Structures are given as structure tokens and as C-alpha cells.
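Right, one structure below, let's go through it.
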Amino acid sequence: EYLNNMKDGAILVNTARAEITDVAAILNAVDKGKLKGFATDVIENESKIFGKEFQNEKLPDELIQKAVELFPKVLITPHIGSYTEEALKDMISISYDNFNDVLTTGKSKNLL
């Protein structure tokens, strides 16, 4: 329904969460020409794909295989936004602070 409300020839970009997309519907819209393209840096079950080699083999996920076959209309890039120097420093610093807070006070503002 959402895709039908988009302008014909639009390009959809998802950098949020894979779970919020209906990849089958999106790829169908690209295949049929409703969408001009789709780009994403998040895909469901990406651990089955990223960091592995598939030379002359079908991918273990048929939707991702279809996405690859639709290249260059479909682009999948690694989700690396957290790999900046600043982000890594923040993750380490916040994790240390959380750990220290729990050890010294039994509480943390980020405790789940």
C-alpha cells in the first residue's frame, strides 16, 4: 500500500531497520518499474551474507539473491555508520561508564 502511494519512478532508500521493510514488495516494485531503484544498508538475516564469499553460487536468501540480480537498480551496502572514530570512542566510553556505575552503585541510567 505504501509503495502504491509513491510516485512512479521514485527511489526508495532505507537506512533505518530491515524489519520495517517488505523487501519482497520493494523488489517487485523495482522489477515492475514502479520504483526506479532501492538502496539499503540494512537487510534481514545479513549475518548469512556479509563477510562471506559466494563465488558462482546462489545466495542462501532468495530475496537477497533477487536484489543482487536487480543490480544496479538495487544497491546493498554494509551498515557501517557506527564505525567512525567518534562513534567507537562513544561506545567504549559509555560502556565503561555503565559498567562502572553498576559496579559502584548497583544502578546505571542505561540499565535495561
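The set of residues from the stretch 55-81 being in contact (Cβ under 8 Å) with a residue 12 or more places away in the chain and among the basic types (Lys, Arg) comprises LYS66, LYS73.
Checking each residue in the stretch 25-48 for being over 15 Å from LEU75 (Cβ atoms) and within 15 Å of the chain's Cα centre (by Cα) picks out GLU44, ASN45, SER47, LYS48.
Every residue, every condition in (1) under 23 Å from ILE80 (Cβ atoms); (2) open to solvent by 100 Å² or more (accessible area, probe 1.4 Å); (3) assigned to a helix (DSSP H, G or I); (4) in contact with a helix residue (DSSP H, G or I) (Cβ under 9 Å, 6 or more places away or on another chain), yes or no:
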residue: ASN4; (1), (2), (3), (4): no, yes, yes, yes
residue: ASP8; (1), (2), (3), (4): no, yes, no, no
residue: VAL30; (1), (2), (3), (4): no, no, yes, yes
residue: ALA39; (1), (2), (3), (4): yes, no, no, no
residue: GLU44; (1), (2), (3), (4): yes, no, no, yes
residue: SER47; (1), (2), (3), (4): yes, no, yes, no
residue: ASN56; (1), (2), (3), (4): no, yes, no, no
residue: PRO60; (1), (2), (3), (4): yes, no, no, yes
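Looking only at residues in the stretch 10-28 that are open to solvent by less than 40 Å² (accessible area, probe 1.4 Å) and in a strand (DSSP E or B), the one that is modelled with the lowest pLDDT is ASN14.
The values are calculated or read from the model by the stated rules, or taken from the named source; none is laboratory data. Just so you know, these numbers come straight off a predicted model, no measurement behind them. When we count neighbours, we look across all protein chains shown, and the Cβ atoms used for this are built from the backbone with ideal geometry, even at glycine. Ligands, DNA and RNA are excluded from the accessible area calculation, which covers all protein heavy atoms including side chains. Shrake-Rupley method; radii C 1.70, N 1.55, O 1.52, S 1.80 Å.
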